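The values are calculated or read from the model by the stated rules, or taken from the named source; none is laboratory data. Values in this document were obtained by computation on a predicted structure and should not be read as measured data. Note that we place each Cβ from the backbone using ideal geometry, even for glycine, and neighbour counts take in every protein chain shown.
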Amino acid sequence: MRSRVDATVAAVAGITIVGFVLRLAVLLRPLGVIDRLFVPDDTYYTLTIARSIAHGHGPTVDGHTLTSGFQALLGFLMVPVYWLSNSPDTALRVDLALLVVVDTLTIVVLAWVAYRFAGRVAAVTAAALWAVSPVAVSMALGGLETSLAILGAMTLVAAWIWANDAPSTTRAAVTGVVAGLAVLARVDVAFLVVLLGALQLWRGPRRLLVPGSIAGAVVVAPWWIWCTVQFGTPVPTSGAAAHHLAPLPPFAREGLAQVAGAVAGGPFDVWRSLRQRLADHPVLGMLVFWVFVLALVALGVWWARRRTMPQLAVAALPIFAAGLLLFYAWFGVSFYFTRYLAPVACVVALIIAVAVERVWHARGSWRIPLSIATAAVLLLGVVAVVRATYRNLTDTSVAPSAFDSVTGYRAAAKTVVAIPPEGSVLGAYQSGAFGYFANGRLEVVNLDGVVNPDAADALRHDTTVEYMRDRGVHWLADFTLHIVEFAVKSKQQLHPPPAVRKVEGLPQFPPFPGYALAEITWPPTRGSGAG
């Protein structure tokens with residue numbers, strides 16, 4: 001038995017090294033290439049907020065307007081970087097390196113959870129799946145909190161198992177701290193915390209919930225209290241703003257189809273052809289969505305049926321995944337589905353690993369067909385992984401997609417922020433990269449409200465034009481559609497309207513067809529002598 005455990009540890013260690021080397025190889029590519037392949041605009045919001053906190057301005061992207069529109073843990077972890085360096089590119093590289101390490105740790109934690117639940121074959125399989133998962137690699141190199149949230153969720157389950165191995169106040173408190181940090185990593189992990197608490201009440205020593213809850217509350221309380229005092233809610237204000245901008249109504253067939261497409265590839269890849277097919281046939285996509293949800297819930301119930309703590313904690317993961325599918329189908333922000341639902345890919349990796357363990361030990365007439373089916377799934381996965389890994393190591397940009405948030409803002413932002421005179425005020429709906437690379441040269445005002453509660457209120461009341469005037473926005477950078485919309489609305493709402501001059505000769509930055517910069521000249525207000 002000892003030799004088998006040692007062999008499992010050695011196998012997982014080797015797989016972890018392979019996974020780390022793969023991520024490191026992508027990390028060492030030129031920063032502009034990484035930005036075009038993986039980094040969305042929202043990454044720059046978090047980094048700008050971290051820099052603002054480090055410089056003593058609090059959580060803000062423009063130096064004035066406080067915001068809770070980010071996932072706190074990653075922002076806090078990045079603050080010390082800006083004490084040591086004010087270089088935007090250096091800090092971005094550190095952020096990506098941190099998440100590469102975080103995602104590598106997930107390989108180990110996932111393997112341990114799989115081992116405790118199913119056995120050594122499951123542990124090795126789970127580690128291998130996540131080590132080469134294109135979903136895992138792309139989330140780690142995207143610079144956002146997703147990898148940190150996945151590690152937080154898996155570590156929470158591992159800590160819950162550990163606390164129930166030898167129940168004690170100390171272990172419960174440590175688990176509570178892990179739960180608090182996981183929720184700060186991304187607030188939707190709170191659903192997993194609730195599920196684990198319910199399972200503890202059902203089958204585990206209930207006395208562990210008190211010290212665990214106190215420890216978790218101590219971790220999240222300072223941030224949640226501050227958010228509640230400032231904004232009336234502990235939940236990041238970016239959620240309400242993004243939901244207001246959602247292109248899909250809650251639980252629309254099209255939304256269900258796109259959620260199903262976002263998770264259909266599991267840990268192997270986001271298969272665009274499959275996503276497109278489900279999106280083009282929303283009734284089929286809706287049926288696939290509900291099959292996924294019901295299958296995950298049924299599996300969680302099945303796993304919980306005959307188990308007791310500590311292994312029962314793992315049964316919460318499929319139900320947690322189903323909850324994410326339902327929540328984001330309601331949320332409706334389709335261009336964020338890939339990263340919002342990446343934790344589901346990790347849960348699916350665990351499910352596949354457990355299935356491989358069961359097939360490995362299967363007996364009787366079912367062994368051959370189960371083995372063939374499992375081999376077919378893994379073979380398809382290998383093909384997808386090889387293709388995605390080749391793209392990650394060789395491509396210099398990604399093909400435009402209707403399903404994911406746009407990446408590659410760095411080059412556009414660095415060019416645009418150099419055009420207005422220093423000290424100018426520039427507005428943008430997607431303003432993350434502009435604010436980050438302006439780095440004090442310009443004041444950049446967020447207009448979509450995701451990290452600006454005042455702009456969110458203006459959008460809800462259709463007063464964005466007046467808000468821009470009051471903030472002194474004299475430059476607008478965004479897709480041409482937004483500039484045209486501003487010009488039309490300003491003529492309807494202001495008399496006389498401002499003059500809007502499009503800057504000619506601005507280079508186009510794939511994937512930004514139609515990107516533009518405009519100068520705004522406001523008419524003089526009453527009682528003033530200048531515009």
Review point. Looking at residue 333, is it surrounded by fewer than 21 Cβ atoms within 10 Å (Cβ to Cβ), at pLDDT below 85 and more than 14 Å from residue 138 (Cβ to Cβ)?
Key: no
Review point. Which numbered condition trips up residue 168, out of (1) surrounded by 24 or more Cβ atoms within 10 Å (Cβ to Cβ); (2) under 17 Å from residue 210 (Cα atoms)?
Key: (1)
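Condition check ((1) within 25 Å of residue 195 (Cα to Cα); (2) hydrophobic (A, V, I, L, M, F, W, C)) across all residues:
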site	(1), (2)
275	no, no
281	no, no
285	no, no
290	yes, yes
302	yes, yes
309	yes, yes
313	yes, yes
318	yes, no
Check your understanding: Would you pick out the residues in the range 36-73 that are of a type in the set (D, E, K, R), in a helix (DSSP H, G or I) and closer than 17 Å to residue 453 by Cβ?
Key -> 42
Check your understanding: Just a yes or no: is a residue in the range 219-237 touching a residue at least 12 places away in the same chain (Cβ under 8 Å) and either at positive phi or among the small types (Gly, Ala, Ser) (or both)?
Key -> no
Exercise for review: Go through the range 470-481 and give me each residue that's surrounded by 20 or more Cβ atoms within 10 Å (Cβ to Cβ) and either assigned to a helix (DSSP H, G or I) or in contact (Cβ under 8 Å) with a residue 60 or more places away in the chain (or both).
Suggested key: 477
Check your understanding: Inside the range 90-112, can you point out the residues that are of a type in the set (A, V, I, L, M, F, W, C) and within 28 Å of residue 410 (Cα to Cα)?
Key -> 91, 92, 94, 96, 97, 98, 99, 100, 101, 102
Point to revise | Conditions (1) among the aliphatic types (A, V, I, L, M); (2) out of contact with any helix residue (DSSP H, G or I) (no Cβ under 8 Å at 6 or more places or on another chain); (3) within 23 Å of residue 338 (Cβ to Cβ): number failed by residue 37 | key: (2)
Point to revise | Residues located in the range 405-417, provided they are surrounded by 21 or more Cβ atoms within 10 Å (Cβ to Cβ) and at negative phi | key: 407, 409, 410, 412, 413, 416, 417
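Yes/no per residue for (1) farther than 24 Å from residue 221 by Cβ; (2) assigned to a helix (DSSP H, G or I); (3) of a type in the set (A, V, I, L, M, F, W, C); (4) not assigned by TED's automatic domain parsing to the domain that holds residue 25:
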{"residue": "100", "(1), (2), (3), (4)": "yes, yes, yes, no"}
{"residue": "103", "(1), (2), (3), (4)": "yes, yes, no, no"}
{"residue": "112", "(1), (2), (3), (4)": "yes, yes, yes, no"}
{"residue": "127", "(1), (2), (3), (4)": "yes, yes, yes, no"}
{"residue": "138", "(1), (2), (3), (4)": "yes, yes, no, no"}
{"residue": "142", "(1), (2), (3), (4)": "yes, no, no, no"}
{"residue": "172", "(1), (2), (3), (4)": "no, yes, yes, no"}
{"residue": "200", "(1), (2), (3), (4)": "no, yes, no, no"}
Point to revise | Residue in the range 204-217 that is surrounded by 20 or more Cβ atoms within 10 Å (Cβ to Cβ), β-branched (Val, Ile, Thr) and not in a loop (DSSP other than H, G, I, E, B) present | key: no
Point to revise | Matching residues, the range 435-469, being within 25 Å of the chain's Cα centre (by Cα), free of Cβ contacts under 8 Å to residues at least 60 places away in the same chain and within 22 Å of residue 504 (Cα to Cα) | key: 438
**Study point:** Residue that is surrounded by the most Cβ atoms within 10 Å (Cβ to Cβ), among those in the range 418-452 that are more than 15 Å from residue 51 (Cβ to Cβ) and aliphatic (A, V, I, L, M)
**Key:** 450
Check your understanding: How about the range 82-110: which of its residues are of a type in the set (A, V, I, L, M), surrounded by 16 or more Cβ atoms within 10 Å (Cβ to Cβ) and over 17 Å from residue 131 (Cα atoms)?
Key -> 91, 92, 94
Review point. Only one of 91, 114 is farther than 30 Å from residue 225 by Cβ and touching a residue at least 12 places away in the same chain (Cβ under 8 Å); which?
Key: 114
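Okay, residues lined up against (1) outside the structural domain of residue 453 (by TED's automatic domain parsing); (2) charged (D, E, K, R):
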site	(1), (2)
333	yes, no
337	yes, no
347	yes, no
356	yes, no
388	yes, no
414	no, yes
420	no, no
423	no, no
Review point. Mind checking which pairs have a first residue in the range 489-512 that is modelled with pLDDT of 90 or more and a second that is of a type in the set (Gly, Ala, Ser), Cβ under 7 Å, 6 or more apart or different chains?
Key: 497/490; 498/490; 500/487; 500/518; 501/518; 502/516; 502/518; 503/518
Review point. Somewhere in the range 310-324, is a residue out of contact with any Phe, Trp or Tyr (no Cβ under 6 Å at 6 or more places or on another chain), closer than 30 Å to residue 66 by Cβ and not hydroxyl-bearing (Ser, Thr, Tyr)?
Key: yes
Exercise for review: Among the candidates 142, 152, single out the residue that is buried (at least 22 other Cβ atoms within 10 Å of the Cβ), in contact with a strand residue (DSSP E or B) (Cβ under 8 Å, 6 or more places away or on another chain) and under 30 Å from residue 404 (Cβ atoms).
Suggested key: 142
Point to revise | Condition broken by residue 437, with the remaining ones in (1) of a type outside the set (Lys, Arg); (2) in contact with an Asp or Glu (Cβ under 8 Å, 6 or more places away or on another chain); (3) at pLDDT 95 or above; (4) in a helix (DSSP H, G or I) satisfied | key: (2)
Review point. Is it true that residue 42 is touching a Leu at 6+ places or on another chain (Cβ under 7 Å) and either more than 28 Å from residue 403 (Cβ to Cβ) or surrounded by 20 or more Cβ atoms within 10 Å (Cβ to Cβ) (or both)?
Key: yes
Practice item. Inspect all residues belonging to the range 396-404 and state whether any of them is in contact with a Gly (Cβ under 9 Å, 6 or more places away or on another chain), surrounded by 21 or more Cβ atoms within 10 Å (Cβ to Cβ) and outside the structural domain of residue 137 (by TED's automatic domain parsing). Key: no
Exercise for review: Report yes if some residue within the range 250-273 is closer than 27 Å to residue 195 by Cα and among the basic types (Lys, Arg); otherwise report no.
Suggested key: no
